[in-house]
Amino acid sequence: MNAQLPPALIELLPADCRATAELLNRGCACISVDHESLRRELAASDRGAPVDEWLASRPHLFADSMVFVSEVHLERMARTIAAVERVVALPAYRQRVLA
């Protein structure tokens with residue numbers, strides 16, 4: 001996905017990647033996910049779990065259309081996930097939650 005943007009559009013993009021993602025999300029690209037093709041591809045990868053059950057238990061795992069996320073937001077999400085993983089690994093947390 002290394003498509004080159006037209007020069008006129010490149011000039012509109014701000015240097016800040018967060019603002020760039022917001023600008024790209026403003027216009028509707030309207031490219032929808034083909035959920036049946038996605039299901040077939042996942043089934044072909046043979047990850048061990050029944051794909052239909054796996055997807056049914058995670059209905060919001062894949063967005064219906066593409067969304068641009070800035071590097072700043074990705075880093076923030078990664079830090080949040082790391083913090084949650086550290087907390088849920090604590091014995092005191094597990095004892096309290098599973099009580």
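The values are calculated or read from the model by the stated rules, or taken from the named source; none is laboratory data. As the structure is a computational prediction, the values presented were derived from the model and not from experiment. Don't worry about glycine lacking a Cβ; one is built from the backbone with ideal geometry, like all the others, and counts go over all protein chains shown.
A few comments on the model shown:
- The listed residue being part of a helix (DSSP H, G or I) and modelled with pLDDT under 80, out of Leu5, Leu23: Leu23
- Sole exception among (1) exposed (fewer than 11 other Cβ atoms within 10 Å of the Cβ); (2) modelled with pLDDT of 75 or more for Phe62, by number: (1)
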